[in-house]
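To start, the structure under review is shown below, and the notes come after it.
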Amino acid sequence: MSYSTSLYLTGAEIGLSLTGLVLLLVTAWTGERAARAITIAAVAALFGALVFNLSLFGQGVAADAFSGLFRSDNFAIFAKSLVYIATIACLIVAPRYFDARGEYRGEYPVLMLFNAVGMGMMVSAIDLMTLYIGLEMSSLSSYVLASFARRDGKSSEAGLKYFVLGGLASGIILYGVSLVYGFSGTTSYDGIRAAFTADFSTGAMFGTVFVLAGVAFKIAAVPFHMWTPDVYEGAPTPVTAFFASAPKVAAVAMLVRMAAGPFGGQVEAWQQIVIFAALASIVVGALGAIGQANLKRLLAYSSINNVGFILIGLAAATPKGIEGVLVYLFIYVFMTIGSFVALLMLRDAKGKALATFDDISGLSTTSPALAWCLLALMFSLAGIPPLFGFWAKFVVFQAAVQADMIALAAIGIAASVIGAFYYIKFIKVMFFDEPKGAAPAEASVSHWVVLGLSVLVISPLGYLLTPWLSDMAGAAAQALFFAA
Amino acid sequence: MEFPILSLMLAVPLVAAIACLFLTASSARMVALFATLINLALGVILWLNYDIGGAQWQFTERAQLFAGFEYALGIDGIALMLIMLSVFLMPICILASWDGITKRVGEYMAAFLLMEVLMIGVFAAQDLFLFYIFFEAGLIPMYLIIGVWGGDNRIYASYKFFLYTLLGSVLMLIAMLWMVNEAGTSDIPTLMQYDFPVGAQLWLWLAFFASFAVKMPMWPVHTWLPDAHVQAPTAGSVILAGVLLKLGGYGFIRFSLPMFPDASADLAWLVFALSMVAVIYTSLVALVQHDMKKLIAYSSVAHMAIVMVGLFAFNVQGLEGAMMVMLGHGLVSGALFLCVGVIYDRLHTREIARYGGLSINMPKYALFFLLFTMASVGLPGTSNFVGEFLALAGIYKVSTFVTLVCTTGIILGAAYMLYLYRRVAFGEQRNADAAAMTDLNAREWAMLAPIAAAVLWMGVYPESFLAPMRQDIAALETRLASVAPQYDSELTVGTPKDHAANFVAASHEGEGEH
């Protein structure tokens, strides 16, 4: 394969990297003055990457770049597009948020760009080395982003916690990778699959489990979820919105590709782990949230809960299941970004965040539009039709039922009722209680636009997207199974 | 393609609901009333154009809008009648909230109009998943109606309502996914003819039962109902009792019976047992209530138990009776809640003991209340008599014991309703403020008179209501014929005895000897 083809297939990553480097220099020279212009440039670059990426969609069979290190198939394109969309949304809402505290700097968009490159590599990696580089590139920028509000103790704490625990997870993955390499003699996904199909020893099993445990940490699945509430609470809200959306999509996509690729021949080896993680995440995510008073912590548990449903699709281990995972991710990105943007719009006239249930009590009378948007988002997260969040749950449970895993589906969906409890508590506080505090200050247009678009997607109108979405996700899921 | 009247009936309240969110209180009321009246008119057109004895599914619409399921609408006679009930009660609900609701009127009206969309959608959906979406979506507006505009304990009631019904229906979703996977289609008419494996039917039936039994509600999962009824605003109670409870019965008649006939027959004993307990137990509970709304709520549970035994009789009388009880109960219990609402608006209490002797100062009100009380008791000439008589006649063909118990429940029903009426309307005027209440005004007349007319119409000439359903119920009976139960007291033809019982064996020997 020629270099030009390789460069073409990795065009989005290369373009983003170059833009990031140039913008880094610009930031260094101009300081804080050009922060806004840099953000706009970064958004433009990501948008360009998104368009370029989509132009590659459906161009036929898996195309490997750089002699089997990087694959730009439909699956990768689908996941990357979601990652770019989420990153763009989080960039758009950031300047206004940080401006209010006088903390915005040009490093923010640059870090987001490098993060996007790393995530793109994670989902496209078909070699353990590429995978690890992508993972670290994304993680390291994430650690910095978590502590971006330098003057805020909580933000620094979040960054440190994320760094220590993230480093541990990387170590676990690396240990697993070394075992896998040791027992298969190769780092390429296809090679590992072939080697494991021939001989799957206990050592190889250990390697697989370690890799999966590390990835479970990255997607915040139980029992590796402990860092999530603390980091989500401490990090600045636009960063939290980002953590809950883009890196999660990338990590899930990476997990799916690994499960279907190198470990695809050993479904029974990882299936029970995934089933356990799925059910445990649903239950812990639901129960943990009940006692929370802080809205960001609550949404952190909600994201753990959602990961559980996503894993149900993976547990089915069928093309339908993978399709369900991708559809779920698509809807999840909009639900998450919508709800975190709504949270960051909740601030009083002095700029103090309305962070607890008490603060937003009676929101429907003080700020009806915001309250109705949050109502739609919460019912959608709870999976109540006719909101689009229902469709996300529908597709993964359908895949589980089709794979004859009826007990899993029944237990999972029954546990989702526990989760509904705290979502409707949100609505109770906003709609049924009398207002206690001050009304939130008027939010900026950019926030309204992002929130409005998210709510539009998760509204019943979202169902009109289903034919298109199921075609795209179906093609993406097929790409994985074609390669296998 | 014919005119998409069902879609129009969904669209009118939907557009009005969105408009109401942005309007002032007085214009929201007008828009809501206007939209519901248009829908009533459309409903009348629907009924007039319904071809009795024609195709089973009429006014069908199909559109490939979604992946995984279809936008498919269509009605048979059963759905037609329930849609009529919904569109008939909606304008009355709007009128009932005219003065009583003063805060956040636009949102209130929007919630009710949305409710109407979803109810019509449930009855008209011909795709399993479309049905589920409409069915489940009703939780959202109802949760808001109870929680925002309800009474003192509204938050507890709204949580209980939401979580109870949600837990019931999620298992049904898994069952639906399995069915569609097995049958390869989500088209309801096709599924109604599909023969699922007998072993699987049991589980599917139980999953559907979990949902519909809660909605119905059946004893012992009825406990959400009194709470929700008592706390909801008047119009909320009307819609809850009038239409939402019917979703459970509709679910049984549309899904459980035709799709899982074998399981239905195998588990009929369970339904009978629960219904018998419900009829006696809830009637006794109703007898000792101090709160009018709670009393009527418990009476609803008892009436729904009659519906259940009628449905599981598996014969024409039972099924027709069940449908008639549903329609009649929808009108009568709705009207009773309105009657409670009328005096609640004046005195702001539902305590029975705070009233008394209302027939002296509110004679017109007392007359209406009497009519609906009698209809609830099942007096001949009113709607409920027809339904209850048919349902009991149907179940008598199956089990005399169940009939005995359920008929006792009806006697108890007479007891608690007449006792309620005596305490509220008759006797002396114990409380000065209750004695000073004014009689019905024009708005309340406009609410109660149409229901009274419908109750009498249904009681005197039920054929208008039975005719559209006859063919569909006959089709259902045919579907159930193979599993129909034996009559437990059936006469067996024995060998005739040689002699009558008073025959004295003639012993002629020695006759005439002296």
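The values are calculated or read from the model by the stated rules, or taken from the named source; none is laboratory data. Please read these numbers as outputs of a predicted model, since none were measured by experiment. Heads up, the Cβs are rebuilt from the backbone with ideal geometry, glycines too, and the neighbour counts pull from every protein chain shown.
Things to note:
- Test: residue in segment A:170-184 that is under 22 Å from the mean Cα position of the chain (by Cα), among the polar types (S, T, N, Q), modelled with pLDDT of 90 or more and closer than 23 Å to A:GLY11 by Cα: no
- Subset of segment A:1-58 [within 24 Å of A:PHE70 (Cβ to Cβ), aliphatic (A, V, I, L, M) and not in a helix (DSSP H, G or I)]: A:MET1, A:LEU56
- With respect to the conditions (1) under 24 Å from B:MET469 (Cα atoms); (2) away from chain A (no Cβ under 12 Å); (3) surrounded by fewer than 24 Cβ atoms within 10 Å (Cβ to Cβ); (4) out of contact with any Ser or Thr (no Cβ under 9 Å at 6 or more places or on another chain), B:GLY74 falls short on a single one, namely (4).
- Of all residues in segment B:370-383, at least one satisfies being surrounded by fewer than 18 Cβ atoms within 10 Å (Cβ to Cβ), touching a helix residue (DSSP H, G or I) at 6+ places or on another chain (Cβ under 8 Å) and part of a helix (DSSP H, G or I).
- Test: A:SER339 is surrounded by 19 or more Cβ atoms within 10 Å (Cβ to Cβ), within 14 Å of chain B (Cβ to nearest Cβ), in contact with a helix residue (DSSP H, G or I) (Cβ under 8 Å, 6 or more places away or on another chain) and hydroxyl-bearing (Ser, Thr, Tyr): no
- Residues in segment B:1-29 that are surrounded by 15 or more Cβ atoms within 10 Å (Cβ to Cβ) and free of Cβ contacts under 8 Å to residues at least 40 places away in the same chain were compared, and the one that is nearest to B:THR102 (Cα to Cα) is B:SER27.
- No other residue among A:MET121, A:MET129, A:MET112 is over 30 Å from A:ILE40 (Cα atoms) and in contact (Cβ under 8 Å) with a residue 40 or more places away in the chain apart from A:MET129.
- Members of segment A:452-469 that are within 13 Å of chain B (Cβ to nearest Cβ) and aliphatic (A, V, I, L, M): A:LEU461, A:LEU464, A:LEU465, A:LEU469
- Residues of segment A:371-384 classified as at the interface with chain B (Cβ under 7 Å from one of its Cβ atoms) and of a type outside the set (Phe, Trp, Tyr), total: 1
- Exactly one residue among B:GLN58, B:GLN64 is among the polar types (S, T, N, Q) and more than 14 Å from chain A (Cβ to nearest Cβ), and that residue is B:GLN58.
- When A:GLY261, A:GLY265, A:GLY234 are screened for being of a type in the set (Gly, Ala, Ser), within 30 Å of A:ALA353 (Cα to Cα) and touching a residue at least 60 places away in the same chain (Cβ under 8 Å), only A:GLY234 passes.
- Residue satisfying condition, being in contact (Cβ under 8 Å) with a residue 60 or more places away in the chain, under 17 Å from B:MET9 (Cβ atoms) and outside any helix (DSSP H, G or I), within set B:GLY53, B:GLY68, B:GLY74: B:GLY74
- A:LEU387 vs. criteria under 21 Å from A:PHE340 (Cβ atoms), buried (at least 24 other Cβ atoms within 10 Å of the Cβ) and facing chain B (nearest Cβ under 10 Å): yes
- Helices (runs of 4 or more DSSP H) lying entirely in segment B:86-172 (those with 1 or more residues that are more than 29 Å from B:TRP57 (Cα to Cα), more than 14 Å from every other protein chain (Cβ to nearest Cβ) and not polar (S, T, N, Q)): B:105-124
- Taken over segment B:173-192, the criterion of being assigned to a helix (DSSP H, G or I), in contact (Cβ under 8 Å) with a residue 24 or more places away in the chain and more than 10 Å from chain A (Cβ to nearest Cβ) is satisfied by B:ILE188, B:PRO189, B:LEU191, B:MET192.
- Condition check for A:LEU16: surrounded by 23 or more Cβ atoms within 10 Å (Cβ to Cβ) and within 29 Å of A:VAL325 (Cβ to Cβ): yes
- All told, A:ALA438 meets the bar of being of a type in the set (A, V, I, L, M), in a loop (DSSP other than H, G, I, E, B) and more than 11 Å from every other protein chain (Cβ to nearest Cβ).
- Of the residues in segment A:399-419, none is away from chain B (no Cβ under 14 Å), under 23 Å from the mean Cα position of the chain (by Cα) and modelled with pLDDT of 90 or more.
- Single residue of A:ALA213, A:ALA235 found to be surrounded by fewer than 22 Cβ atoms within 10 Å (Cβ to Cβ) and under 29 Å from A:THR87 (Cβ atoms): A:ALA213
- Residue in segment A:470-480 that is within 14 Å of another protein chain (Cβ to nearest Cβ) and without any contact (Cβ under 8 Å) to a residue 60 or more places away in the chain present: yes
- Filtered residues of segment A:180-212 (kept if among the β-branched types (Val, Ile, Thr) and without any contact (Cβ under 8 Å) to a residue 12 or more places away in the chain): A:THR186, A:THR202
- Test: B:ILE306 is under 17 Å from the mean Cα position of the chain (by Cα), buried (at least 23 other Cβ atoms within 10 Å of the Cβ) and closer than 30 Å to B:ALA475 by Cα: yes
- Flag if A:LEU363 is in contact (Cβ under 8 Å) with a residue 12 or more places away in the chain, touching a Pro at 6+ places or on another chain (Cβ under 9 Å) and buried (at least 23 other Cβ atoms within 10 Å of the Cβ): yes
- Against the test of being surrounded by fewer than 21 Cβ atoms within 10 Å (Cβ to Cβ), without any contact (Cβ under 8 Å) to a residue 12 or more places away in the chain and within 24 Å of the chain's Cα centre (by Cα), the options A:ALA28, A:ALA44 yield a single qualifying residue, A:ALA44.
- Flag if B:TRP205 is crowded, with 22+ Cβ neighbours inside 10 Å, in a helix (DSSP H, G or I) and more than 9 Å from chain A (Cβ to nearest Cβ): yes
- Listed by position, the helices (runs of 4 or more DSSP H) contained in segment A:100-193 that have at least 3 residues being within 22 Å of A:SER245 (Cα to Cα) and out of contact with any Ser or Thr (no Cβ under 9 Å at 6 or more places or on another chain) are A:128-146, A:153-184.
- When the helices (runs of 4 or more DSSP H) confined to segment A:298-417 are screened for residues that are under 25 Å from A:GLY261 (Cα atoms), those reaching at least 3 such residues are found at A:319-345, A:389-402.
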